[in-house]
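Comments concern the structure below.
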Amino acid sequence: MPKIADIEGTPNKNALKFILKEPLTWGIARSYDNAEAAKDDSLAAALFDIDHVTNVFYIDHWITVTQDGEANWQDLAREIADPIRAAPAASAQSAETISAASNVLADLSPEDQLRLEKINVLLDEEVRPYLQHDGGDLHILGLEGNTLRIHYQGACGTCPSSISGTLRGIENMLKTIEPDIQVIAS
């Protein structure tokens, strides 16, 4: 049962980031935009049972919960804390689980796989730490020609700056290694 070490605000006023003393996963991100998508995840389902919760995102030692803007965060945070504390901490996950999650884009050509590896290195070093600090992340959905499709997760998914300024910043940074790339958020 993870204990909550800290609760932080995010740039998205409708999202809170709960920092945990024990991990919920080992490197596997879980992101849900509604209760139906979360039905097979007991923690996320319990959080969606709470009025006003609209998004749940977690990985490793933190979880970000987004609300609809209609609830008082002080009261809602207390309610959200109970399912988080009741959730089981991550057990050692099998190599199969981790490899299945990382092979989502395995159908790419060897050249595109190499391009994607370079893109991921840059994202891992320059972008993801900042998004994760703010209670979010991004997931690559695909690379088709010069178009990189990404999906924002957690607090970034509903933050207005992620669709404009952050997206342009990511695209401009990636242009240093892929001059013709276009980044599209889905």
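The values are calculated or read from the model by the stated rules, or taken from the named source; none is laboratory data. Quick caveat: nothing in here was measured; it's all calculated off a predicted structure. Cβ sites come from the backbone with ideal geometry, for glycine too, and all protein chains shown count toward neighbours.
Candidates His133, His139: the one that is closer than 17 Å to Ala29 by Cβ, free of Cβ contacts under 8 Å to residues at least 24 places away in the same chain and either in contact with a strand residue (DSSP E or B) (Cβ under 9 Å, 6 or more places away or on another chain) or not basic (Lys, Arg) (or both) is His133. Checking the condition among the aliphatic types (A, V, I, L, M) and not in a strand (DSSP E or B), which residue from Leu141, Leu131 passes? Among Leu141, Leu131, only Leu131 is among the aliphatic types (A, V, I, L, M) and not in a strand (DSSP E or B). Considering the conditions (1) surrounded by 14 or more Cβ atoms within 10 Å (Cβ to Cβ); (2) hydroxyl-bearing (Ser, Thr, Tyr); (3) modelled with pLDDT of 90 or more, Thr166 is excluded by exactly one of them, (3). Set side by side, the residues Ala86, Ala100 differ, and just one is at pLDDT 80 or above and loosely packed, with under 15 Cβ neighbours inside 10 Å, which is Ala86. Restricted to strands (runs of 3 or more DSSP E) entirely inside region 1-57, no element has at least 3 residues that are surrounded by 16 or more Cβ atoms within 10 Å (Cβ to Cβ) and more than 18 Å from the chain's Cα centre (by Cα).
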